[in-house]
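Remarks on the structure that follows.
None of the figures in this text is laboratory data; all of them are computed from the coordinates on show. Bear in mind the structure is a predicted one, so any value in this text is a computation, not a measurement. Cβ placement follows ideal geometry from the backbone for every residue including glycine, while neighbour counts extend to all protein chains displayed.
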């Protein structure tokens, strides 16, 4: 029986790489995004009933609830949840509109708490066992000028990971964070050439990361070999934080 | 106790014993005065959360949708569901 994993924000970037790798590894996957995008349709065609997509905005509570319920109805109680959906808004905090701050918190933090809550209820009712992985960020650990509110949401995810790991560990449900460093994805497209050069110079491994650098850690944490790992944040940053 | 509350208490007892059975515990008699936590009932906070999820599944009701409501005993929980 293939295990079902829910991945939020799976239409592009790291989320898409996670979805693709999970399917290749033999999982059944439910994912959501605000729009279908170009990459998911061929995956849906190729993987049939093993991949379910639902239009949803994780920044909207009713939309998120609809996605989780639809995913469970389609593929059953999930083995795992990967809270990947997130947005970035760059701007000096003093001038960042509060509406953008609210949007960041709602999508990156509240939405993840909501999905974790909904999935945990199902995992508990099933009798326990499962994996929750929050995609946080090195920005939440080290900060970055212009990303204060974003950093707060990602640090919040790491706090969620530690507290929830304590709360549900006795039901064999593990909760961990994966904190990517600076990845070469659409979300880093807003970096200037100077910023990118600076990051590369400061990274011991001498480059930006890619989604392919991060996905293996997620596959490991989902697997049976990671049954005794919980409450941890695994930073994958090429060494820039060391 | 009203007929509705009695029926809900019976349902709570059934679900509590299902959860206990999953844990390998012996069945217990549930009364309105049964205390869920910190009493003789071999129940922890996650068992209680599991019970609430199960009750919502059976009754379609969520008395906690608008916020937390205090209860410690089975009879008090039955009254919350009867009140929805």
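Give the relative contact order (percent, whole number) for chain B; include only Cα pairs under 8 Å separated by 6+ residues.
Working: 80 pairs, mean separation 32.9, N = 84.
Here the relative contact order equals 39 percent.
Restricting the calculation to alpha carbons of the stretch B:45-84 gives Rg and Dmax of 9.4, 24 angstrom.
Other protein chain C-beta atoms within 10 Å of residue C-beta, averaged over A:120-127: 5.
Relative contact order of chain A, please, whole-number percent, based on alpha carbon pairs below 8 angstrom and at least 6 residues apart.
Working: 465 pairs, mean separation 43.0, N = 242.
That works out to 18 percent.
The three principal axes of the Cα atoms in the stretch B:3-82 give end-to-end lengths of 33, 26, 22 Å, sorted in falling order. Between 0 and 90 degrees, rounded to the nearest ten: what's the tilt of helix B:45-59 against the longest Cα principal axis of chain B? The answer is roughly 50 degrees.
Given a Förster distance of 35 Å, report the FRET efficiency between residue B:28 and residue A:74 from their Cβ-Cβ distance, rounded to the nearest 0.05. Spell out each step's value before the answer.
Values: r = 37 Å, r/R0 = 1.07.
Once rounded, the FRET efficiency stands at 0.40.
Neighbour counts of C-beta atoms inside 10 Å place B:23, A:154 in the sequence B:23, A:154, starting with the fewest.
Order these by the 10 Å Cβ neighbour count, fewest first: B:1, A:123.
Working: B:1 13, A:123 25.
By the 10 Å Cβ count, ascending: B:1, A:123.
Helix-only arithmetic for chain B: the sum of -39500 (n - 2.57) across DSSP H runs with n ≥ 4, divided by the residue total, places the mean residue ellipticity at 222 nm at -17000 deg cm²/dmol.
What number results when the radius of gyration of the protein assembly as shown, computed over Cα atoms, is divided by 2.2 N^0.38 Å?
1.10
Counting Cα-Cα pairs of the stretch A:172-239 in 5 Å increments starting at 0 gives whole-percent bin shares of 3, 16, 24, 20, 14, 11, 7, 4, 1, 0. For helix A:193-202, what angle does its Cα long axis make with the longest principal axis of chain A, in degrees from 0 to 90 and rounded to 10? Here the helix axis deviates by roughly 80 degrees.
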